[in-house]
Amino acid sequence: MITVGKAYLSETEGVKNLIAEYHRSEGLTPNKERIAWAVRLQLRETPGLLLVARDKDAIVGVALAVYTPSAELGRVMTVNDFFVRPKHRRNGVGKNWPNTWWKNANG
């Protein structure tokens, strides 16, 4: 069963590897320093959200979102990166993401 939740510091390497996989799938060359910087900021320093999809102990999906202020809406969440490993797609993994985003955005 696949679950979606906040990433843990202990999952840093797995998250970085999955983001690099995402970049390669888009025809990009992963910038390991930039990926490490973004993951570190999301896990430790910024008001953002780093969610992962887990299949047992394996990380099979990642979503990186940031909050920005809005004079009209208050706090707005923007999802910058969203990736699910190809072999886990079309099996309902994505259905869990919106509820988890909503729960964490309002929590």
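Each Lys or Arg adds one and each Asp or Glu subtracts one; over the other residues with Cβ under 11 Å from the Cβ of Arg85, this totals 0. Applying a DSSP loop filter and a limit of 16 other Cβ atoms within 10 Å to the GluC sites (Glu not before Pro) in the range 1-89 leaves Glu26, Glu72. Computed on the Cα atoms alone, the convex hull of the range 2-106 gives a volume of 109 cubic angstrom per residue. Entry note, the chain: relative contact order of 25 percent, from Cα contacts under 8 Å with a spacing of 6+ residues. With both labels modelled 7 Å from their Cα along Cα-to-Cβ, the Ala20 to Lys32 distance reads 0.5 nm. Work through the residues other than Lys32 whose Cβ is under 14 Å from its Cβ and net out their charges, Lys, Arg +1 and Asp, Glu -1. Once all neighbours under 14 Å are counted, the net charge is +1. Placing unit charges on the Cβ atoms only, positive for Lys and Arg and negative for Asp and Glu, gives the chain a dipole magnitude near 280 debye about its Cα centre.
Take the Cβ atoms of Asp55 and Arg75, set R0 to 35 Å, and the FRET efficiency comes out at 0.70.
Build a GNM of the chain with springs between Cα atoms under 10 Å apart, and of Lys95, Lys87, Lys32 the one that fluctuates most is Lys87.
The length gained on full extension between Phe82 and Lys6, counted as 0.36 nm times the residue separation minus their Cα-Cα distance, comes to 26.0 nm.
The numbers here are math on the coordinates, done by the rules we state, and not lab data. Every value quoted in this text rests on a predicted model; they were computed, and no experiment measured them. Cβ: placed from backbone, ideal geometry, glycine included. Neighbour counts: every protein chain shown.
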